[in-house]
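The values are calculated or read from the model by the stated rules, or taken from the named source; none is laboratory data. As the structure is a computational prediction, the values presented were derived from the model and not from experiment.
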Amino acid sequence: MITRTSQTWEAGSIVKVGFMSLMVKAAIETPRNYAPDAYLLSSAKGQNYLFVPHKGLEKYDGLATVEAIQQYLA
């Protein structure tokens, strides 16, 4: 989980990624690949995003489950 920042990256909080303000829906741990944890985010307009620090922000359809995203990131 992101800890060294002034923003709170817990479910339900609003964070700024670039110029966008997004709500954290869930944090997905990625222990097997030694990469940073992933975060499911949503915008006020209902767009869904997957954010991985140092890899960037990707839009996703919102139908993918947390397990499917963990396999994608592995």
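Restricting attention to the stretch 1-29, which residues are of a type in the set (A, V, I, L, M) and modelled with pLDDT under 85? I'd like the intermediate steps shown before the answer.
So the first thing to find is which residues in the stretch 1-29 are of a type in the set (A, V, I, L, M), and the list is 1-2, 11, 14-15, 17, 20, 22-24, 26-28.
Answer for the stretch 1-29, where residues must be of a type in the set (A, V, I, L, M) and modelled with pLDDT under 85: 1, 2, 28.
Considering each residue of the stretch 32-52, count those that are modelled with pLDDT of 85 or more and not small (Gly, Ala, Ser), and give that number.
Count: 10.
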